[in-house]
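These notes concern the structure reproduced below.
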Amino acid sequence: VAYLGLVKAGCVVVSIADSFAPDEIRTRLDIAGATLVVTHDVVVRAGKTLPMFDKVVAAGARACIVVARDSTLQAKLRDTDRAWRSFLSRDERFEAVAAAPEQTTNLLFSSGTTGEPKAIPWSHTTPLKCAMDGYYHHDIRAGEVVAWPTNLGWMMGPWLIYASLVNRATIALCADAPNTSAFCRFVSDARVGLLGVVPSLVKAWRASAMTDGADWSGLRAFSSTGEASNADDYLWLMARAGYRPVVEYCGGTEIGGGFMTQALTQPASPATFSTPSLGLDIVILDEDGRPTQHGELFVVPPSIGLSLSLLNRDHHEVYYEGTPEGPHGEVLRRHGDQVEVLPNGYFRAQGRADDTMNLGGIKVSSAEIERAVLSVEGVADAAAIAAEPQGGGPSLLVLYLVPVRGADSATFKDLAQKAISSRLNPLFRVHDVRVVDTLPRTASNKVMRRVLRDEYRS
């Protein structure tokens, strides 16, 4: 409600995920120059009560509108704060504020390789991309119910609003965490037609009995985004609903949706993509800039939804500078995903080609992880990489750590996890720690993370 009201009033929404630690929230508030924060007093996740308002105050928010989870507020407000109910006007109608197509409507954040999050403006044309992808690739229909466990801090939150409502569908919202039996029952009770997932969530469902007793026969399709998928997990998922297809959907905040996906008119192949999304094209090149069947993916602009500016970075430098030409002289736009072309012409995602990674569907840079880990006593140097599990699937966080002479490295994994949880995000889980004498570096002293990825893979 707050999101739609702000858009209608001509304001700029600043989207920040509530799972971030206070320092990371502060960074995003400062970059955006946000003047007001809408938040809850507390949130309950997996049976734990989390003090959301207190975390936002610790992040330096100057003024808050606070929504009570229950009938009464569970937080003591400051003079600059207001309760949601007292903030609401008695008049339920107000005139929409007209905006130019290029005007910013939503500011979202995506990790860059430098450690500072990129602030990406969505214009008033970006929702058209969300609605197009929802209609043409997900077949979202008028009157259909769409459920997609996500967060307004990530692009799939605004995407869900526009892809559903512009296409006259209904959004199903569940208060329970998605990795619960209650959520799985909610999907059937709400008569969901399209269910969005991330691979790590599907893996958790498969490893438990959460879907037992949930009737998913009413589902027409699933959609998956955020991480590389595992074919076995997705065959299992399809079987929960009579082998309904999974629409693989890969894109980014700066795309406004997907650049590689599937259409429900094409045969379903678990954990693979069948086509570039409508309205753009892609090129896959090797390290020498030549077309290949296994390499880095580049987007061929222009296309509706592609970002045209960054609030705190040079947009041309980030996406265009140093990119090769396409096979026919096209200007190419960098995105950073590794892709393999399969013999049947479909595509398989291979994770990131640059120094960012997707952990649990959240994009984060190696530099951000390393900055947190270097706060651990006894760690002299650190490198963070994303490792691909055998058989494919969600990326695994692996740390290469150089100890201070005499330090006890046996405790590094636990201490690194605590540092990452408190300074960045508790959803980022350390899979493995390798203790080494030195890290491989270039002549300019940059860590050669690709060498570490190759070493760990072997």
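The values are calculated or read from the model by the stated rules, or taken from the named source; none is laboratory data. Keep in mind that what you see is a predicted model, and the values were worked out from it rather than measured. In this analysis, Cβ positions are derived from the backbone assuming ideal geometry, glycine residues included, and neighbour counts consider all displayed protein chains. Quick note on the areas: whole protein, heavy atoms, side chains included, nothing else; ligands and nucleic acids left out. Shrake-Rupley method; radii C 1.70, N 1.55, O 1.52, S 1.80 Å.
Exactly one residue among VAL57, VAL42 is without any contact (Cβ under 8 Å) to a residue 40 or more places away in the chain and under 20 Å from ASP23 (Cβ atoms), and that residue is VAL57.
Say we look at region 215-234 and pick out the residues that are modelled with pLDDT under 95 and aliphatic (A, V, I, L, M); which of these is surrounded by the most Cβ atoms within 10 Å (Cβ to Cβ)? In this case the residue turns out to be ALA228.
Of all residues in region 211-238, those that are among the aliphatic types (A, V, I, L, M) have Cβ atoms under 6 Å from Cβ atoms of residues that are assigned to a helix (DSSP H, G or I) and open to solvent by less than 20 Å² (accessible area, probe 1.4 Å), 6 or more apart or on another chain, in ALA214/CYS184; LEU237/VAL202. I'd like to verify a number: residues in region 316-351 that are open to solvent by 70 Å² or more (accessible area, probe 1.4 Å), part of a loop (DSSP other than H, G, I, E, B) and within 22 Å of ARG453 (Cβ to Cβ), how many? The total comes to 1. Among the residues of region 373-402, those that are in contact (Cβ under 8 Å) with a residue 24 or more places away in the chain and open to solvent by 40 Å² or more (accessible area, probe 1.4 Å) comprise SER375, GLU377, ALA380, GLU388, GLY391, LEU396. If the condition is being among the aromatic types (Phe, Trp, Tyr) and either part of a loop (DSSP other than H, G, I, E, B) or open to solvent by 80 Å² or more (accessible area, probe 1.4 Å) (or both), then region 82-101 contributes PHE87, PHE94.
Confirm whether ALA209 is open to solvent by less than 40 Å² (accessible area, probe 1.4 Å) and assigned to a loop (DSSP other than H, G, I, E, B). Here the answer is no, as ALA209 does not meet what is asked. Can GLU388 be described as of a type in the set (Asp, Glu) and under 18 Å from ARG450 (Cβ atoms)? Yes; evaluated as a whole, the condition is true for this residue. The single condition among (1) in contact (Cβ under 8 Å) with a residue 60 or more places away in the chain; (2) of a type outside the set (Lys, Arg); (3) crowded, with 22+ Cβ neighbours inside 10 Å; (4) out of contact with any Lys or Arg (no Cβ under 7 Å at 6 or more places or on another chain) that LEU308 does not meet is (3). (1) within 22 Å of the chain's Cα centre (by Cα); (2) open to solvent by 50 Å² or more (accessible area, probe 1.4 Å); (3) within 21 Å of GLY393 (Cα to Cα): which one isn't true of ARG313, the others all being true? Unmet condition: (3).
Specify the residue that is farthest from TYR319 (Cα to Cα); the eligible residues are those in region 103-155 that are among the small types (Gly, Ala, Ser) and in contact with a strand residue (DSSP E or B) (Cβ under 7 Å, 6 or more places away or on another chain).
The residue in question is ALA147.
Annotation: of all residues in region 11-26 being of a type outside the set (Gly, Ala, Ser) and open to solvent by less than 50 Å² (accessible area, probe 1.4 Å), the one that is nearest to LEU311 (Cα to Cα) is VAL14.
Of a type in the set (Asp, Glu), open to solvent by 80 Å² or more (accessible area, probe 1.4 Å) and not in a loop (DSSP other than H, G, I, E, B), is that true of ASP79?
No; evaluated as a whole, the condition is false for this residue.
Checking each residue in region 168-202 for being in contact (Cβ under 8 Å) with a residue 40 or more places away in the chain, surrounded by fewer than 23 Cβ atoms within 10 Å (Cβ to Cβ) and in contact with a helix residue (DSSP H, G or I) (Cβ under 7 Å, 6 or more places away or on another chain) picks out ALA177, ASN179. Across region 126-167, the qualifying residues are those that are within 27 Å of ILE25 (Cα to Cα) and assigned to a loop (DSSP other than H, G, I, E, B), and the one among them that is most open to solvent (accessible area, probe 1.4 Å) is LEU152. Of the strands (runs of 3 or more DSSP E) contained entirely in region 236-282, those carrying at least 2 residues that are within 16 Å of ARG334 (Cα to Cα) and open to solvent by less than 10 Å² (accessible area, probe 1.4 Å) fall at 257-261. Say whether the condition of being in a strand (DSSP E or B) and exposed (fewer than 14 other Cβ atoms within 10 Å of the Cβ) is met by at least one residue in region 404-417. No, region 404-417 contains no residue that is in a strand (DSSP E or B) and exposed (fewer than 14 other Cβ atoms within 10 Å of the Cβ).
Might you check whether a residue that is at pLDDT 95 or above and open to solvent by 40 Å² or more (accessible area, probe 1.4 Å) occurs anywhere in region 352-362?
Looking through region 352-362, none of the residues is at pLDDT 95 or above and open to solvent by 40 Å² or more (accessible area, probe 1.4 Å).
Exactly one residue out of ASN358, ASN425 is under 22 Å from the mean Cα position of the chain (by Cα) and more than 26 Å from GLU287 (Cα to Cα): that is ASN425.
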